[in-house]
1. Filter segment 214-224 for residues that are open to solvent by less than 20 Å² (accessible area, probe 1.4 Å) and β-branched (V, I, T) and give the result.
2. So if I check each of A187, A204, A210, A251, which one is touching a helix residue (DSSP H, G or I) at 6+ places or on another chain (Cβ under 6 Å), of a type in the set (G, A, S), within 19 Å of M45 (Cβ to Cβ) and at pLDDT below 80?
3. If I filter segment 58-96 down to residues being free of Cβ contacts under 8 Å to residues at least 12 places away in the same chain and among the hydrophobic types (A, V, I, L, M, F, W, C), which single residue comes out as nearest to L184 (Cα to Cα)?
4. Within segment 148-159, restricting attention to residues that are assigned to a helix (DSSP H, G or I) and open to solvent by less than 50 Å² (accessible area, probe 1.4 Å), which residue is modelled with the highest pLDDT?
5. Suppose we keep only residues that are touching a residue at least 12 places away in the same chain (Cβ under 8 Å), assigned to a helix (DSSP H, G or I) and open to solvent by 40 Å² or more (accessible area, probe 1.4 Å) within segment 225-239. Which one would you say is nearest to M56 (Cα to Cα)?
6. How many residues does segment 166-188 hold that are over 16 Å from the mean Cα position of the chain (by Cα) and within 25 Å of G211 (Cβ to Cβ)?
7. So which of L65, L126 is farther than 27 Å from G243 by Cβ and of a type outside the set (D, E, K, R)?
8. From the list A139, A145, A95, A66, pick out the single residue that is buried (at least 19 other Cβ atoms within 10 Å of the Cβ) and part of a helix (DSSP H, G or I).
Amino acid sequence: MLSSSVILVAFGCLSGVTTVLFGFGGGFVTVPVVYAVTASGPAAMHVAVGTSVAVMVVNAAGGTLAQYRSGRLRRDYLWPLAGYVAIGAALGAAAATAAPDGLLHLLFAVYLGITIIDSVVRRGFLHGGSPRPLGSLTASLGGVAIGAMASFLGVGGSVMTVPLLRRRGLPMAHAVAMANPLSLPVALVATTVYLSIPATDGSAGVDLLAGALLLAGSLPTIAVARRLLPRVPDRLHALAYVGLLLAALIAVLIQ
């Protein structure tokens, strides 16, 4: 049977691939695996979420730098949305430290299910369209909601920002590129909160060893994947995004 360390490194590699292809800082991979492999006790889900956002700081920062160099980042879509996301992240992380652990697990599954259905049923995500600017109301209220939900569940926000930007007509490659810088404020704010405020049972909010093992897998994978992975056709990219969310939902439900 594989040891916990090997499993964490392997899933770190998987989170590296998802960071490159889908803009995920690793939340949809790291939350289920940390919860299943290392976390225990009444605050298991809190530790999984806290560890996820800590890993996301590094993955999202590396992804942001790489996307900046590629020229795919667009300031008119990133700001002021990123500022409102940071505000929401502080609110969501603080609320998560006081929420019952079972509620976090349930909401994580519900969040995934709603996102999958919304991406398939509503027009715009799978087929794209012509680029349109973000309105002030969308940037403000939408940004706070994205930050709060993402930090509450430890998923970074890409699962909400990618569909949002996609429905504004951006190609998947550009929507995914901007998911990394939009996940960074969530990761930074939420990690600070989780490290400073213990879970309801008094335990630490971040498993540092698990986070280090996940990064040992993700960082080399990100570097290699950016050079070797081929460009994915837009519609296939969108379908694969939904497929990954479905796989994450299944992983959460069987635990």
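The values are calculated or read from the model by the stated rules, or taken from the named source; none is laboratory data. Predicted, not measured: the structure shown is a model, and the values here were computed from it. Heads up, the Cβs are rebuilt from the backbone with ideal geometry, glycines too, and the neighbour counts pull from every protein chain shown. For the accessible areas, the whole protein counts, side chains as well, though only heavy atoms, and no ligand, DNA or RNA atoms are used. Shrake-Rupley method; radii C 1.70, N 1.55, O 1.52, S 1.80 Å.
1. The answer is I222, and nothing else.
2. On the way: A187 fails: at pLDDT below 80; A204 fails: touching a helix residue (DSSP H, G or I) at 6+ places or on another chain (Cβ under 6 Å); A210 fails: at pLDDT below 80.
Residue meeting the stated conditions: A251.
3. Out of the qualifying residues, it is L65.
4. It comes out as A148.
5. That would be R226.
6. 0
7. Numbers: L126 fails: farther than 27 Å from G243 by Cβ.
Result: L65 is the single residue among L65, L126 that is farther than 27 Å from G243 by Cβ and of a type outside the set (D, E, K, R).
8. Unique residue meeting the criteria: A139.
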